[in-house]
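Trainee: Starting off with a structure, shown below.
Taken together, the values in this text are just the output of simple stated rules run on the coordinates, not laboratory data. Just so you know, these numbers come straight off a predicted model, no measurement behind them. As a convention, Cβ positions derive from the backbone with ideal geometry for all residues, glycine included, and neighbour counts pool all protein chains shown.
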Amino acid sequence: MTDPANDPVLDATRSALDGPGASPADDAAGHPSALLHVNDVRKVYGSGHTEVVAVSDATMAVDEGEFVALLGPSGSGKTTLISIIGGLLAPSSGRVTVGDVDVTAMNKKELTAFRAERVGFVFQSANLVPFLTARENLLFVSSLVKGISRTQANERADQLLSELGLSARAKNLPEQLSGGERQRVAIGRALMNDPDLVLVDEPTAALDTAMGRQVVELLRREIKARGKTGIMVTHDLRMVEYTDRVFEILDGHLTHVEQPSAIGH
Amino acid sequence: MLALNEIRRGKGRFAAIVSALSLIVFLVLVLGALADGLFFGATGAVRNTSATGYVFASDAEGSLVRSRLPVSDVEKVAAAPGVEQAGPVGVLLTGGVGPDGPIDLAVFGIDPGGPGSPTAVEGTLPTEPGTAAVDVALRDAGVTLGSEVSVGDVSATVVGFTADSEYQLQPTLWTGVETWRSMRDAVRPELRGQTDVINSVAIVTAPDADLGAIAAAVPDTTVLTAAETGLAIPGVEQQSSTLNSIIYTTLAVAGLVVALFFALLVLEKRELFAALKALGASTGRLGRGVILQALIASALGVVIGAVVARLFDLVIPPEVPTLFRTETLLTIAVFTLVAGVVGAMFSLRRIAKIDPATAIGGAL
């Protein structure tokens with residue numbers, strides 16, 4: 001048995017420091033027409049002596065149809081960065097654009113609508129509505145967007161559930177589902193409103209390895225099949241093989257962009 | 001969708017709040033029925049007649065029993081500006097004897113059919129001396145049409161019934177001034193010979209009449225509206241205000257109960273609400289759901305509380321003066337719904353403060 005501190009598979013910082021990849025800022029310059037642009041985003045909590053820099057001058061670009069990982073240990077700022085990208089947090093400075101929309105220029109109300117219409121979230125613990133069935137959990141998010149007919153929503157929910165292998169579980173409440181099934185419902189919910197961006201936060205945190213792989217594999221398949229742009233926050237090196245590129249973050253700095261094959265194997 | 005399904009799939013917890021509200025509504029409805037019963041039973045004889053006002057001796061403080069006026073004032077009052085009709089009123093609170101034995105009585109001597117006269121709900125108003133109409137409450141004492149009711153050695157034949165015409169919770173007997181005076185003389189020997197004394201003058205006024213001007217036209221009198229006359233009966237106003245303050249305090253408690261319940265529910269769902277906000281649910285949307293739930297819980301509480309109160313009414317002893325009125329039920333229903341909504345609104349601030357960013361990651 002190896003000492004976990006020296007195990008490269010569990011230590012995300014090691015490969016990040018050793019990796020041969022380019023810096024994300026240089027990489028971003030090579031993707032001028034990317035769907036997502038993060039430019040010099042900085043997030044500072046507190047002030048003076050208690051000042052904490054959670055994200056420091058992050059610049060990155062993700063192309064449409066890409067599924068990338070944001071890899072870093074806990075406390076690296078990856079959660080803060082993805083929250084800013086998803087319109088949940090306002091950066092202290094810098095700019096985030098999705099397509100031609102400047103996320104950082106929106107007010108609270110516009111951000112709520114932006115998240116409902118253009119972003120799909122998958123949370124660490126699925127966070128499904130406990131008193132709605134799997135199918136109703138999908139339909140609920142479609143009710144947050146104007147102009148989706150009921151028939152349209154029903155069809156889409158049924159199709160997603162079937163793709164996710166959940167047709168037989170559609171009428172089950174979350175408490176009747178396994179952890180993996182719940183996370184699959186959460187994936188369906190994230191895709192329900194046909195978003196541009198799918199943001200995934202540690203989807204395997206509450207799952208065992210086999211189940212985790214299954215969920216991430218499914219996630220990749222759905223994102224790819226629909227041509228969505230996906231960003232998955234993870235500290236788990238085993239999950240990056242399902243992504244196209246890996247952005248590494250450490251102490252608030254985006255350090256490298258790697259090919260998944262360059263990491264942890 | 002969210003709100004209704006939560007109730008449907010979490011019946012147990014909502015049953016708790018609905019039961020609490022039902023009990024409160026039940027309590028308030030019974031108190032309301034008691035307040036109405038006391039008020040209506042005390043004031044019917046002056047509230048539910050053709051009179052729009054009463055003229056009192058100025059030293060009587062609006063009390064029919066205490067007031068003494070010469071019978072000649074009837075004509076003076078009738079001639080006063082704004083008075084369309086005027087008629088004498090004599091009052092005697094006493095005991096009498098009915099078919100089944102002794103009864104409490106408030107004897108009113110009036111001009112039957114004239115100002116201050118009730119209407120007959122069965123039979124007719126008395127036309128001859130020695131006849132009377134009595135309040136339907138006396139049916140419980142065995143009184144029927146044709147019964148004899150006597151006060152002292154003077155008796156009257158019942159020719160009709162009146163309703164909602166009690167005075168100070170005593171059943172009334174309505175007769176002409178002459179018969180009233182014989183009854184008064186029979187039990188109050190000291191008043192014998194005062195043939196020109198009455199207690200009050202009942203008036204029907206023009207809509208724009210100035211009561212002050214009427215009082216000014218007849219020396220040493222004051223004039224009250226019929227409603228004021230009811231409230232001037234000793235204890236009536238105090239009783240109403242005491243019971244009403246208990247009722248409204250209890251309804252405020254209902255609001256607090258709802259506020260606490262939903263505060264707990266929101267606290268418990270903080271994580272879920274953060275996730276839903278992250279997914280694009282607005283505070284308004286989540287808040288409306290909570291208010292809808294409060295409305296449903298309050299409405300169910302009103303319905304169940306009302307049904308239980310009506311069932312309870314069947315077992316209340318008839319001596320207890322309760323009166324279940326639709327108006328009071330509606331008022332209490334509206335207040336309960338308002339209390340529920342206002343209580344739930346306290347949770348809105350809590351919902352607004354939930355930060356969607358906490359849905360992602362654990363700590364910072």
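Trainee: Can you give the angle from 0 to 90° between the axis of helix B:177-187 and the longest principal axis of chain B, with both taken from C-alpha atoms, to the nearest 10?
Mentor: Helix B:177-187 and the main axis of chain B meet at about 90 degrees.
Trainee: Just the projected area, averaged over all directions, of the convex hull on the alpha carbon atoms of the stretch A:4-262: how many nm²?
Mentor: Working: hull surface 57.9 nm².
Hull-based average projected area comes out at 14.5 nm².
Trainee: Further question on the same structure: On a 0 to 90° scale, report how tilted helix B:283-315 is relative to the longest principal axis of chain B, with both axes built from alpha carbons and the result rounded to the nearest 10.
Mentor: On a 0 to 90 degree scale, this one is about 40.
Trainee: Could you tell me how far the Cα centroid of the stretch A:109-169 sits from the Cα centroid of the stretch B:123-138, in Å?
Mentor: When both Cα centres are located, 75 Å separates them.
Trainee: Quick one: of the DSSP bridges fully inside the stretch A:4-262, what percent are antiparallel, nearest 5?
Mentor: Numbers: 20 of 38 bridges.
So the antiparallel bridges amount to about 55 percent of the total.
Trainee: Oh, and also: How far is helix A:108-118 tilted off the main Cα axis of chain A, in degrees rounded to 10, range 0 to 90?
Mentor: For helix A:108-118, the angle is close to 70 degrees.
Trainee: Sticking with this one: Amide H to amide H, which residues 5 or more places from B:THR162 or on other chains are under 5 Å from it, using H placed in the peptide plane?
Mentor: Result for B:THR162 returns B:VAL121, B:VAL134, B:ASP135, B:VAL136.
Trainee: While we're here: Add -39500 (n - 2.57) for each DSSP H run of 4 or more in chain A, then divide by its residues: what number comes out at 222 nm, to the nearest 500 deg cm²/dmol?
Mentor: Working: 8 runs with 85 residues, N = 265.
Computed ellipticity for chain A at 222 nm equals -9500 deg cm²/dmol.
Trainee: Any idea what diffusion coefficient the stretch A:154-265 gets from Stokes-Einstein, in µm²/s, Kirkwood Rh on alpha carbon pairs, 37 °C, 0.692 mPa s? Before the final figure, lay out each step's value.
Mentor: Working: Rh = 15.0 Å.
Translational diffusion coefficient: 219 µm²/s.
Trainee: Projecting each Cα onto the charge dipole of chain B (Lys/Arg +1, Asp/Glu -1 at the beta carbon, about the Cα centre), which of B:ALA227, B:ILE354, B:ALA86 comes out farthest on the positive side?
Mentor: B:ILE354
Trainee: Moving on to the next point. Among B:GLY37, B:GLY12, B:GLY152, whose mean-square fluctuation peaks in a Gaussian network model of chain B (Cα, cutoff 10 Å)?
Mentor: The residue that fluctuates most here is B:GLY12.
Trainee: Through the Karplus equation 6.51 cos²θ - 1.76 cosθ + 1.60, θ set to phi - 60°, convert the phi angles of the stretch B:329-341 into ³J(HN,Hα) values in whole Hz; use x for Gly and Pro.
Mentor: The phi angles translate into 4, 5, 4, 5, 4, 4, 5, 5, 5, 5, 4, x, 5 Hz.
Trainee: Compute the convex hull volume of the Cα atoms of the stretch B:59-219, divide it by the residue count, and report the result per residue in Å³ as a whole number. Working shown, then result.
Mentor: Values: hull volume 17.9 nm³, N = 161.
Per residue, the Cα convex hull of the stretch B:59-219 comes to 111 Å³.
Trainee: How large is ³J(HN,Hα) for each residue in the stretch B:49-54, as worked out from phi by the Karplus curve 6.51 cos²θ - 1.76 cosθ + 1.60 (θ = phi - 60°), to whole Hz, x for Gly and Pro?
Mentor: 10, 6, 6, 9, x, 9
Trainee: Only four residue types carry charge here, +1 at the Cβ of Lys and Arg and -1 at the Cβ of Asp and Glu. Report the dipole size of the stretch A:4-262 about the Cα centre in Debye, rounded to the nearest 20. Show your work: numbers first, answer last.
Mentor: Details: 26 positive and 34 negative charges, 213 e Å.
The calculation lands at about 1020 debye.
Trainee: Compare the Cα positions of A:THR209, A:GLY179, A:VAL55 along the charge dipole of chain A (+1 at Cβ of Lys, Arg; -1 at Cβ of Asp, Glu; about the Cα centre) and return the one farthest towards the positive end.
Mentor: A:GLY179
Trainee: Using helices alone, what [θ] at 222 nm do you get for chain B, with -39,500 (n - 2.57) per DSSP H run of 4 or more residues, divided over all residues and rounded to the nearest 500?
Mentor: On the way: 10 runs with 180 residues, N = 364.
Helices in chain B give a 222 nm mean residue ellipticity of -16500 deg cm²/dmol.
Trainee: Restricting to Cα pairs below 8 Å that are 6+ residues apart, what does the relative contact order work out to for the stretch A:21-130? Please round to a whole percent.
Mentor: Working: 147 pairs, mean separation 28.6, N = 110.
Relative contact order here is 26 percent.
Trainee: Shifting gears a bit: Using the crude model of +1 on Lys and Arg Cβ and -1 on Asp and Glu Cβ, and no other charge, please compute the dipole size for chain B relative to its Cα centre, in debye to 20. Before the final figure, lay out each step's value.
Mentor: Working: 23 positive and 33 negative charges, 602 e Å.
I would put it at about 2900 debye.
Trainee: Now a separate question. Output the peptides B:167-175, B:294-302 sorted from most to least packed, where packing is the average of other Cβ atoms within 10 Å over each peptide's residues. All intermediate terms of the calculation are to be shown ahead of the outcome.
Mentor: On the way: B:167-175: 25.0, B:294-302: 22.7.
So the peptides B:167-175, B:294-302, ranked by packing, come out B:167-175, B:294-302.
Trainee: Using every Cα-Cα pair within chain B, state what percent have a distance larger than 29 Å. Write out the running numbers ahead of the final one.
Mentor: Numbers: 36438 of 66066 pairs.
I get 55 percent for the Cα pairs in chain B exceeding 29 Å.
Trainee: Mean separation of Cα pairs under 8 Å and 6+ residues apart, divided by the residue count of the stretch B:109-206: what relative contact order is that in percent? Intermediate results must be reported in sequence, preceding the final value.
Mentor: Details: 164 pairs, mean separation 33.6, N = 98.
Reported relative contact order: 34 percent.
Trainee: So for the stretch B:128-249: antiparallel DSSP bridges make up what percent, rounded to the nearest 5? Each step should come with its number before you reach the end.
Mentor: Values: 7 of 12 bridges.
Antiparallel bridges make up about 60 percent of those DSSP assigns within the stretch B:128-249.
Trainee: Still on this model: Pull up all non-local amide H partners of A:ALA22: gap of 5 or more, or a different chain, and H-to-H distance under 5 Å with H placed in the peptide plane.
Mentor: Long-range HN contacts for A:ALA22: A:VAL257.
Trainee: Now, a different point. Per-residue HN-Hα couplings for the stretch B:237-247, Karplus 6.51 cos²θ - 1.76 cosθ + 1.60 at θ = phi - 60°, whole Hz, x for Gly and Pro?
Mentor: 5, 4, 4, 4, 5, 5, 5, 5, 5, 5, 4
Trainee: Where nothing but the Cβ of Lys and Arg (+1) and of Asp and Glu (-1) is charged, how large is the charge dipole of the stretch B:104-261 around its Cα centre, in debye to the nearest 20?
Mentor: I would put it at about 240 debye.
Trainee: What residue among B:LEU231, B:LEU272, B:LEU260 has the largest mean-square fluctuation in a Gaussian network model of chain B, using Cα springs under 10 Å?
Mentor: Highest fluctuation of the listed residues: B:LEU272.
Trainee: Using a Gaussian network model on chain B with a 10 Å cutoff between Cα atoms, which of B:ALA141, B:ALA252, B:ALA281 fluctuates the most?
Mentor: Its mean-square fluctuation being the largest, the pick is B:ALA281.
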